[in-house]
Amino acid sequence: MKAEDVTFDFLTDSGTTAMSANQWAAMMVADESYAGSRSFHKFKKAVTDIFGYEHVIPTHQGRAAERLLFSVIVKPGMKVPSNNHFDTTRANIEAMGAQAVDLVIPEGKIPENEHPFKGNIDLARLESFCKEFKDKIPLGMLTITNNTGGGQPVSLENVKGAAAIYHRYGIPFILDACRFAENAFFIKSREAGQSDHTIAAIAREVFDQADGCMMSAKKDGLVNIGGFIALKDSEWVLELRNQLILTEGFPTYGGLAARDLEALAVGLHEVLDEDYLRYRVATSQYMAKRLNQMGVPTVLPAGGHAVYLDAAKFLPHIPRHEFPGQALACELYLQDGIRSCEIGSVMFKEAASMELVRLAFPRRVYTQSHFDYILEGFEELCARKNELRGYKIIEAPAFLRHFTAKFERM
Ligand code: F0G
């Protein structure tokens with residue numbers, strides 16, 4: 001569908017940020033030198049100041065960082081544990097012939113469970129997993145916040161626990177940090193003893209536990225394109241830079257224009273603004289609360305970047321093989337011009353454990369008035385939800401069918 005035919009675009013929070021005046025201003029003074037540009041050094045300084053990692057390798061987005069790192073350190077038959085791997089992370093691990101293993105806590109799989117840190121990794125299972133397979137684990141990961149599990153945060157205590165286990169078995173610990181500022185805000189507001197600390201201090205303490213991170217800067221970098229790998233030690237750096245030159249570009253731009261690096265250097269600082277983060281998290285919590293009050297069930301508590309609607313519960317008259325999530329996503333567009341995304345049986349086929357619809361919120365784009373308008377639409381939808389029909393697939397590719405399948409209403 002053409003984006004201009006969409007009124008509220010909640011397909012993703014990735015690369016859809018509205019950039020600030022300061023970011024645009026920084027882009028105007030970018031130094032587009034092929035090698036060693038001033039803009040790279042500004043970007044590197046921002047990453048090192050905030051994350052504390054000395055070695056910084058730019059990439060054009062998150063999955064390029066994943067492919068690069070895994071191609072250097074992951075070998076066939078290996079295993080990579082995390083709370084939940086994001087789709088592209090999993091696919092890039094599997095592309096190396098290795099296995100991506102999800103060890104999120106049991107509460108993280110129950111939509112209505114209100115555990116404050118549903119993104120936590122199960123430390124007991126991680127311990128026994130590392131003990132059994134330590135020679136086959138090239139790195140251990142944690143995704144902050146846990147996108148696949150509903151944008152749920154990981155506590156500082158859990159990060160420390162995972163770090164202790166990984167390091168006890170000599171396993172490098174790499175964070176998938178694309179929503180690190182939202183995660184730090186949740187730690188500040190929910191974890192005992194953290195309320196007096198700044199977002200920057202909390203984020204830094206999280207990063208201090210790990211050996212490095214990969215980041216899709218299209219989220220908490222507040223930019224439309226960009227990513228990076230940042231590492232404490234230099235062990236992998238030479239090989240990563242050589243591989244980077246092969247596919248992304250010279251190590252001081254890595255597939256980006258210098259103006260993108262300028263915008264990112266500013267965005268990484270802006271995202272630490274606590275007022276911005278409070279407004280953002282309050283928005284998704286407000287949406288979830290109002291939706292629940294009118295009888296639209298959601299994953300609880302609301303995540304940082306998105307609200308996940310429970311379509312199976314909302315539309316019990318549509319059986320799973322008729323795709324209740326797809327039915328809801330289509331109706332949201334037809335009624336109010338809202339673009340969302342099914343995360344259920346269309347996406348995962350028989351492996352789907354839930355029938356969800358994700359409303360992911362672009363950063364600094366929508367205001368309270370937009371959300372109130374959308375909530376009025378949901379009230380109308382609730383009144384006539386029994387009229388909604390299921391869908392059948394009339395055309396689908398063999399792999400990743402949710403991107404291109406065609407449907408017909410029953
Ligand atoms: N890791 C996580 C946790 C992500 O959410 C994403 C992207 C990536 C890695 C990959 O980064 O898109 O820059 O290559 N998530 C987007 C989403 C696409 O809509 O959730 P990328």
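Can you work out which of the residues in segment 237-269 that are charged (D, E, K, R) and buried (at least 21 other Cβ atoms within 10 Å of the Cβ) is nearest to Ile225 (Cα to Cα)? For segment 237-269, the residue satisfying everything is Asp260.
For (1) surrounded by fewer than 24 Cβ atoms within 10 Å (Cβ to Cβ); (2) in contact with an Asp or Glu (Cβ under 8 Å, 6 or more places away or on another chain), each residue gets a yes or a no:
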site: Ala46; (1), (2): yes, no
site: Gly52; (1), (2): yes, yes
site: Leu68; (1), (2): no, yes
site: Val72; (1), (2): yes, yes
site: Ser82; (1), (2): no, yes
site: Asn92; (1), (2): no, yes
site: Ala95; (1), (2): yes, no
site: Glu107; (1), (2): yes, no
site: His115; (1), (2): yes, yes
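Among the conditions (1) more than 15 Å from the ligand (Cβ to nearest atom); (2) buried (at least 21 other Cβ atoms within 10 Å of the Cβ), Gly149 misses just one, which is (1).
Counting only residues that are touching a Gly at 6+ places or on another chain (Cβ under 6 Å) and touching a residue at least 40 places away in the same chain (Cβ under 8 Å), which one in segment 167-177 is nearest to Ile202 (Cα to Cα)? Filtering first and then ranking leaves Ile174.
Of all residues in segment 134-146, those satisfying the criterion of being away from the ligand (no atom under 13 Å from the Cβ) and not charged (D, E, K, R) are Ile137, Pro138, Leu139, Gly140.
Pairs are defined by a Cβ separation below 6 Å, a sequence spacing of at least 6 or placement on different chains, a first member in segment 281-307 that is outside the structural domain of Gly150 (by TED's automatic domain parsing) and closer than 19 Å to Glu376 by Cα, and a second member that is in a helix (DSSP H, G or I) and within 16 Å of the ligand (Cβ to nearest atom); the pairs so defined are Val307/Ser284. Of the listed requirements (1) more than 16 Å from the ligand (Cβ to nearest atom); (2) crowded, with 21+ Cβ neighbours inside 10 Å; (3) touching a residue at least 40 places away in the same chain (Cβ under 8 Å), Ile187 misses just one: (3). Of everything listed in (1) surrounded by fewer than 24 Cβ atoms within 10 Å (Cβ to Cβ); (2) under 25 Å from Tyr279 (Cβ atoms); (3) under 20 Å from the mean Cα position of the chain (by Cα), the single unmet condition for Ser216 is (1). If only residues of segment 1-44 that are within 30 Å of Leu309 (Cβ to Cβ) and of a type in the set (Asp, Glu) are counted, the one that is surrounded by the most Cβ atoms within 10 Å (Cβ to Cβ) is Asp13.
Look through segment 117-133, keep the residues that are away from the ligand (no atom under 16 Å from the Cβ) and charged (D, E, K, R), and return whichever of them is surrounded by the most Cβ atoms within 10 Å (Cβ to Cβ). This residue is Asp122.
Screening segment 1-21 for residues that are under 23 Å from Val281 (Cα atoms) and not in a loop (DSSP other than H, G, I, E, B) and picking the one that is nearest to the ligand (Cβ to nearest atom) gives Asp9.
Of all the residues in segment 323-347, those that are in contact with a Phe, Trp or Tyr (Cβ under 8 Å, 6 or more places away or on another chain) and either free of Cβ contacts under 8 Å to residues at least 40 places away in the same chain or over 19 Å from Asn147 (Cβ atoms) (or both) number 12.
The values are calculated or read from the model by the stated rules, or taken from the named source; none is laboratory data. Everything quoted here is computed from the prediction, not taken from an experiment. Neighbour counts run over all protein chains shown; Cβ positions are idealised from the backbone, glycine included.
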